[in-house]
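The values are calculated or read from the model by the stated rules, or taken from the named source; none is laboratory data. A quick note: this is a predicted structure, and the numbers were derived from the prediction, not measured. Cβ placement follows ideal geometry from the backbone for every residue including glycine, while neighbour counts extend to all protein chains displayed.
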Ligand code: LLP
């Protein structure tokens, strides 16, 4: 029987990075070792230590461009792709995103500040959240950042602010379209039972309520149905549902000019995953909106979308160093690495699967063994891979985990007081730090021992 090809030998799709497991610049050198962005991973770890997050600039830029190009092709002249910064928020990411002409979605004052500091123009930022603080809402309004109203509480406060400033305020509203899609229940947001957005059945009351405010101007509609979605049908349905709502809102005198369909396009984490391309996703959404507008005799609204994972996930890898081995005869062999659930909480949270290889023998040449890759945290569930085939390996060898650009660093923690890894950007043989490694003493910065305890000791 022919030996199955490794995922590292598969053809790379340059135009839609979400269809690959690995960053598009991944290569195996003449020494048989792995490199990304023209940089030897072994050399990077020698210099920057491990664990290490690495982002590949070309993969990132190609993903941004794929959205821009597809929107230009299927929805010419009237669209705005917005990067969902919760996937990976940093000054660097904000800067790169805006250099590619994308907008950015933020859900906290921290993400807003990061975006502004990274140079994203205020007019291209949208502000989400199901429980925004007064301070966050005021910050957004004062900075001319468009607020997406999630509930009545948001609406009341925006009404008050607009009245006190005595000036008009453009808002968008988020609703739950009641669309089911096949993804993990924690990352499914568009079904009726969701904490986000207004129920669709409440919209007419809402339109009436907004019409009766002095200064709130309803200019946009938003929905997001979930994340890591491989089906196109739910997004086709969403486009149609949203256009129908625009038409309904018109009856109340609202002129909705922005239609934001959220994000959700999945990526290929393992060989079992087969997500649609960015082009196919954009085509589906655009065609559905154009068709529905024609049917309803409506002008085309500005089409916005909010990809997060499909922009940044495939560009990212995480490198770990192998430490201890524990063989349980007849059962399994544990191999422990120097990171785990604090730098990647997705396996323990969503039972997520990834692909990985050894840096010094990426194609598993000569031998194969089954391992369970465990993290170093004091938690039995801290397992990154329940079972993976790798060539024989030893303490000190490096493991590369693919597809970690999204929802890894942004969801990382300091559990067990473990400092966060450094993050690097690689491109054409150069590597730059984009987030510094934390040190154990950094973690003590916010601890306070009350005076009376100091006196006692
Ligand atoms: N827009 C809104 C309003 C969202 O809530 C999200 C993701 C996105 C856009 C971007 O979705 P994406 O294109 O990345 O699928 N932590 C989970 C994912 C949570 C997604 C939350 N919202 C994970 O690690 O899988």
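Things to note:
- Criterion: touching a strand residue (DSSP E or B) at 6+ places or on another chain (Cβ under 9 Å) and surrounded by fewer than 17 Cβ atoms within 10 Å (Cβ to Cβ) - qualifying residue of 403, 429: 429
- Flag set for residue 393, criterion: touching a residue at least 40 places away in the same chain (Cβ under 8 Å), in a loop (DSSP other than H, G, I, E, B), touching a strand residue (DSSP E or B) at 6+ places or on another chain (Cβ under 6 Å) and more than 16 Å from the ligand (Cβ to nearest atom).
- Total residues in region 352-369, condition at pLDDT 95 or above and in a strand (DSSP E or B): 3
- Scanning region 248-268 for residues that are closer than 21 Å to residue 24 by Cα and either more than 10 Å from the ligand (Cβ to nearest atom) or not assigned by TED's automatic domain parsing to the domain that holds residue 299 (or both) yields a single hit, 268.
- Residue in region 295-318 that is outside the structural domain of residue 356 (by TED's automatic domain parsing), farther than 28 Å from residue 403 by Cβ and under 24 Å from the mean Cα position of the chain (by Cα) present: yes
- Among the criteria (1) in a helix (DSSP H, G or I); (2) surrounded by fewer than 21 Cβ atoms within 10 Å (Cβ to Cβ), the one residue 14 does not fulfil is (1).
- Sole exception among (1) closer than 30 Å to residue 49 by Cβ; (2) touching a residue at least 60 places away in the same chain (Cβ under 8 Å) for residue 327, by number: (2)
One line per residue, one yes/no per condition, for (1) under 22 Å from the mean Cα position of the chain (by Cα); (2) in a strand (DSSP E or B); (3) closer than 21 Å to residue 54 by Cα:
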| residue | (1), (2), (3) |
| --- | --- |
| 371 | no, yes, no |
| 377 | no, no, no |
| 380 | no, no, no |
| 389 | no, yes, no |
| 413 | yes, no, yes |
| 416 | no, no, no |
| 426 | yes, yes, yes |
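- Candidate set from region 87-103 (those that are away from the ligand (no atom under 11 Å from the Cβ) and not in a helix (DSSP H, G or I)); member that is surrounded by the fewest Cβ atoms within 10 Å (Cβ to Cβ): 101
- Some residue of region 113-121 being within 16 Å of the ligand (Cβ to nearest atom), surrounded by 15 or more Cβ atoms within 10 Å (Cβ to Cβ), within 16 Å of the chain's Cα centre (by Cα) and in a loop (DSSP other than H, G, I, E, B): no
- Those residues of region 123-144 which are assigned to a helix (DSSP H, G or I) and in contact with a strand residue (DSSP E or B) (Cβ under 9 Å, 6 or more places away or on another chain), in sequence order: 123, 124, 136, 137, 139, 140, 141
- Taken together, the residues in region 269-278 that are touching a helix residue (DSSP H, G or I) at 6+ places or on another chain (Cβ under 7 Å) and within 14 Å of the ligand (Cβ to nearest atom) amount to 2.
- Exclusive hit being closer than 25 Å to residue 343 by Cα and in contact (Cβ under 8 Å) with a residue 60 or more places away in the chain, set 117, 86: 86
- Residue in region 74-86 that is under 16 Å from residue 402 (Cβ atoms) and either outside any strand (DSSP E or B) or more than 16 Å from the ligand (Cβ to nearest atom) (or both) present: no
- Subset of region 183-213 that is outside any loop (DSSP other than H, G, I, E, B) and within 16 Å of the ligand (Cβ to nearest atom) - its residue that is modelled with the highest pLDDT: 198
- All positions within region 348-371 that are on the phi > 0 side of the Ramachandran plot and within 16 Å of the ligand (Cβ to nearest atom): 351
- Any hit, region 233-247, residues being crowded, with 17+ Cβ neighbours inside 10 Å, away from the ligand (no atom under 13 Å from the Cβ) and within 20 Å of the chain's Cα centre (by Cα): no
- Among the conditions (1) in contact with a helix residue (DSSP H, G or I) (Cβ under 9 Å, 6 or more places away or on another chain); (2) within 16 Å of the ligand (Cβ to nearest atom); (3) not in a loop (DSSP other than H, G, I, E, B), the only one that residue 401 does not satisfy is (1).
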